[in-house]
1. Considering only segment 89-103, I want to know if a residue exists there that is surrounded by 14 or more Cβ atoms within 10 Å (Cβ to Cβ), in a loop (DSSP other than H, G, I, E, B), outside the structural domain of residue 25 (by TED's automatic domain parsing) and more than 15 Å from the chain's Cα centre (by Cα).
2. Residues in segment 142-155: is at least one within 19 Å of the chain's Cα centre (by Cα) and surrounded by fewer than 16 Cβ atoms within 10 Å (Cβ to Cβ)?
3. Any idea which of (1) loosely packed, with under 13 Cβ neighbours inside 10 Å; (2) part of a helix (DSSP H, G or I); (3) among the charged types (D, E, K, R) is the one residue 59 doesn't satisfy?
4. Which of (1) touching a residue at least 40 places away in the same chain (Cβ under 8 Å); (2) within 23 Å of residue 12 (Cβ to Cβ) does residue 59 not meet, given it meets every other one?
5. Please go through segment 155-181 and give me each residue that is touching a residue at least 60 places away in the same chain (Cβ under 8 Å) and in a helix (DSSP H, G or I), ordered by number.
6. Picking from 178, 93, 110, 75, which residue would you name as being of a type outside the set (Gly, Ala, Ser) and under 23 Å from residue 18 (Cα atoms)?
Amino acid sequence: MREEVKRIICDMEFEFLNAKVRVQAEQDFQAIELPGLRIGPLSKGERYSMHLWVAEELEKKGIVKIVERPELKDEELMRFHSRETGLSSGPFELPSDFYPRLRRLLRKLEEAARRDPAILSGLDKLKARAQDIVNARLKKIVSLASSMARSPMMRKYLTPEEEVIFDLIGDLTDTWREEVI
């Protein structure tokens, strides 16, 4: 079960890295062919759409600049935190790429905190907020998944990673109910 969860989260990360982002060429770049992928040609100043992982590699080399960066903003996290930790019995809708974006935000701040220890207190607060969101959502998902009246509509507000937990807990509770009596 643990391996299945890890695999699915890894698959979601793969999908996130293969999502398209907008970039602007910082310099002219001749086309290159990779197995199954053609990159370019790019003309300085023009905007293009490309896979996130390609854009990040080209950005490191100064070839492009990512225009629409898929990062979770601190304000977004605060908004999600206040909604999820409120009194609502069900989860609120999160973007389907919430968890990959959250992991990226945490990694970015961890790297910054290594360079500047003053950032550590902000990082700790952010981690606590993130953990609160995860815990609140998990509690709601467990409650929904263990309900005998599960419906496809319950999935509406779940991210792909959360659907895994929803299905596993639902199957487990169904089996337990059948076997316990």
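The values are calculated or read from the model by the stated rules, or taken from the named source; none is laboratory data. Since the structure is predicted, the reported quantities are computational estimates derived from the model, not experimental observations. Positions of Cβ are generated from backbone atoms using ideal geometry, with glycine treated the same way; all protein chains shown enter the neighbour counts.
1. yes
2. Going through segment 142-155, the residues within 19 Å of the chain's Cα centre (by Cα) turn out to be 155.
Filter again for surrounded by fewer than 16 Cβ atoms within 10 Å (Cβ to Cβ), leaving 155.
Within segment 142-155 (the criterion being within 19 Å of the chain's Cα centre (by Cα) and surrounded by fewer than 16 Cβ atoms within 10 Å (Cβ to Cβ)), the answer is yes, since at least one residue qualifies.
3. (1)
4. Result: residue 59 passes all but (1).
5. Quick first cut of segment 155-181, residues touching a residue at least 60 places away in the same chain (Cβ under 8 Å) only: 156-162, 164-165, 168.
Listed by number, the residues that qualify are 156, 157, 160, 161, 162, 164, 165, 168.
6. Values: 178 fails: under 23 Å from residue 18 (Cα atoms); 110 fails: under 23 Å from residue 18 (Cα atoms); 75 fails: under 23 Å from residue 18 (Cα atoms).
The unique qualifying residue is 93.
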